[in-house]
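Beneath this line is the structure, given in structure tokens, with notes to follow.
The values are calculated or read from the model by the stated rules, or taken from the named source; none is laboratory data. For clarity, every value in this text was computed on a predicted model and none was experimentally measured. With ideal geometry, Cβ positions are generated from the backbone for all residues, glycine too; neighbour counts draw on all protein chains shown. Protein only, heavy atoms only, side chains kept; ligands, DNA and RNA dropped before computing areas. Shrake-Rupley method; radii C 1.70, N 1.55, O 1.52, S 1.80 Å.
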Amino acid sequence: MNASDKMEKIVSLAKRRGFVFQGSEIYGGLAGVYDYGPNGVELLNNLKRLWWKANVYDKENYYGLDSGMFKHPRVWEASGHTSGFSDPLAECRECNTRIRVDKELAALGVVADEKMSEADINTLFDANRDKIVCPKCKARNFSPAKAFNLLVKSNLGDFTSEGGEPVYLPGEACQGIYLNYKNVVDSMSPKLPFGIAQIGKAFRNEISPRNFLFRTREMEQADTQLFIKPNQNKAAFEQIKQDRLNWYISIGIKPENLRFKEHDNLVFYAAAAWDIEYNFPNLGFDELEGIHDRTNYDLSQHMEWSGVDLTYLDSETNERYVPWILETSVGMGRMFLAVLADAYTEEEMDGGTRTVLKLHKDLAPYRAAVSPLLRNKPELVEKAREVFRLLKNEFGNIAWDDNGNIGKRYRRQDEIGTPHCIVIDFDTLGENPAHQDTVTVRDRDTGTQERVSLAELVEYIK
Ligand code: GAP
């Protein structure tokens with residue numbers, strides 16, 4: 001299976017099996033927006049739960065947050081987003097299609113990104129124009145590159161529709177953390193170093209949303225911001241990098257599909273910026289998560305623009321300083337896509353080819369599926385429903401599946417990654433007294449079945 005086939009198969013499975021749908025599909029769709037279906041929202045919530053556990057509960061010095069989406073217009077000026085949050089775009093003079101010049105250059109192997117100045121990117125663009133063709137009409141006749149701001153405007157509070165001072169949707173979720181840094185210090189009295197973790201929505205007017213969940217216009221970002229003493233950044237940064245990579249491995253992603261990449265260009269205030277890259281189908285290794293040493297830039301900017309003192313009083317040394325910030329930031333959609341791609345497997349089993357999502361058991365939409373061997377035997381159905389209710393009370397995410405023959409049910413559950421299929425048969429009812437009150441439990445990855453007593457079933461599934 002080649003990489004682009006694999007991506008197509010993942011997109012198709014995601015729709016067919018209720019993981020991800022195109023946003024507003026019945027109206028022809030809205031580019032760059034996706035909806036998570038019944039199986040998708042379970043996988044997404046499981047990812048968020050494991051992320052939260054690793055970044056809040058398993059740590060002693062991290063606090064959670066859920067900040068509002070709309071923010072005072074000054075926030076995006078202080079953060080630099082109104083002036084500097086842009087992509088360099090050029091327009092085809094023949095058909096008006098817009099291209100992202102940094103991405104076109106990068107595809108040619110020229111080191112370029114959206115952080116470069118308009119002048120620098122145009123120098124590189126001019127040197128490579130003959131190699132860049134319009135994706136629509138194939139002409140090579142483009143305007144110069146111009147910075148196109150990615151912030152999405154709202155009309156909140158604009159009752160005259162004159163647009164005055166727009167309130168933007170968040171271009172990055174982390175600003176909500178910086179705005180609440182002082183509230184957390186005042187209400188929780190944390191000692192430095194301490195962190196704030198949040199999963200929040202962000203919106204970007206991406207010119208070419210593409211590659212399914214990889215580049216979308218609406219996204220959720222899972223962020224941690226560690227507030228540290230100035231210049232104590234190096235060792236902590238290395239530790240965070242390693243912890244984040246190890247976390248992906250702990251949720252089942254194959255280590256060979258992950259790697260670190262240092263940024264070629266740093267924004268002027270940053271001391272370090274690395275990506276954790278994942279080997280995405282049809283994209284190859286590309287950014288999954290960003291890990292950034294933001295120095296004291298964010299709090300200094302908000303201190304200057306708001307006029308509020310955001311310094312930290314170190315009770316041990318009696319010093320006051322603006323903390324530095326080490327950030328981790330990952331788009332939940334990218335994480336979801338990486339997990340789906342990594343789990344997607346086609347393999348031979350029982351003389352046929354099966355599609356199976358080999359998801360970590362804590363990520364699978366359903367922990368187990370329960371079936372009566374035959375759906376037209378009331379005594380089997382009654383017992384199976386008893387087992388179903390027992391497990392549902394314990395785990396919640398248990399599927400009931402009595403459609404088609406057992407082989408078909410197994411294949412259907414394989415496709416959505418259900419780790420265990422439990423079947424209630426006549427032996428469960430005592431036809432074979434040695435197996436009374438036992439059920440068969442089939443393992444998704446090996447296809448093998450075991451008989452497990454009902455008394456031990458919950459522990460077995462756990
Ligand atoms: N606060 C830092 C920040 O926003 P970023 O590198 O722009 O940094 C962080 O974004 C992460 O958010 C990326 O590593 C990626 O996982 C995700 N992300 C960014 N833009 C995205 C988009 N258009 N669609 C989906 N995910 C995106």
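Observations on the structure shown:
- The residue pairs whose first member lies in region 25-38 and is under 19 Å from residue 337 (Cβ atoms) and touching a residue at least 40 places away in the same chain (Cβ under 8 Å), whose second member is β-branched (Val, Ile, Thr) and outside any strand (DSSP E or B), and whose beta carbons are closer than 6 Å, counting only pairs six or more residues apart or on different chains, are 32/216.
- Filtered by the rule that a residue be more than 21 Å from residue 5 (Cα to Cα) and among the aliphatic types (A, V, I, L, M), region 259-286 gives 266, 267, 270, 271, 272, 273, 276.
- Residue list for region 111-142, restricted to those being in contact (Cβ under 8 Å) with a residue 40 or more places away in the chain and either under 30 Å from residue 268 (Cα atoms) or among the charged types (D, E, K, R) (or both): 111, 113, 115, 116, 136, 142
- Given (1) surrounded by 15 or more Cβ atoms within 10 Å (Cβ to Cβ); (2) more than 21 Å from residue 414 (Cα to Cα); (3) at pLDDT 95 or above; (4) more than 11 Å from the ligand (Cβ to nearest atom), index of the condition residue 320 fails: (1)
- Restricted to region 53-70, and to residues there that are within 28 Å of residue 151 (Cβ to Cβ) and among the hydrophobic types (A, V, I, L, M, F, W, C), the residue that is surrounded by the most Cβ atoms within 10 Å (Cβ to Cβ) is 65.
- First in region 196-220 and free of Cβ contacts under 8 Å to residues at least 40 places away in the same chain and within 18 Å of residue 283 (Cβ to Cβ), second anywhere and of a type in the set (A, V, I, L, M, F, W, C) and more than 8 Å from the ligand (Cβ to nearest atom), Cβ under 8 Å, 6 or more apart: none
- For region 214-243, the candidate set comprises residues that are touching a Leu at 6+ places or on another chain (Cβ under 8 Å) and crowded, with 18+ Cβ neighbours inside 10 Å; within that set, the residue that is modelled with the lowest pLDDT is 233.
- On inspection, residue 143 does not qualify as small (Gly, Ala, Ser) and under 30 Å from residue 306 (Cβ atoms).
- Looking across 315, 300, one residue alone is open to solvent by 50 Å² or more (accessible area, probe 1.4 Å) and under 30 Å from residue 190 (Cα atoms). It is 315.
- Some residue of region 319-335 being without any contact (Cβ under 8 Å) to a residue 12 or more places away in the chain, hydroxyl-bearing (Ser, Thr, Tyr) and over 30 Å from residue 34 (Cα atoms): no
- Residue selected from region 165-175 under the condition open to solvent by less than 10 Å² (accessible area, probe 1.4 Å) and touching a strand residue (DSSP E or B) at 6+ places or on another chain (Cβ under 6 Å), by the criterion nearest to the ligand (Cβ to nearest atom): 174
- Checked against (1) surrounded by fewer than 15 Cβ atoms within 10 Å (Cβ to Cβ); (2) modelled with pLDDT under 95; (3) away from the ligand (no atom under 12 Å from the Cβ), residue 267 meets all criteria but (3).
- Flag for residue 359 being touching a residue at least 40 places away in the same chain (Cβ under 8 Å), surrounded by 23 or more Cβ atoms within 10 Å (Cβ to Cβ) and away from the ligand (no atom under 15 Å from the Cβ): yes
- Selection status of residue 69, at pLDDT below 95, among the aliphatic types (A, V, I, L, M) and touching a strand residue (DSSP E or B) at 6+ places or on another chain (Cβ under 9 Å): no
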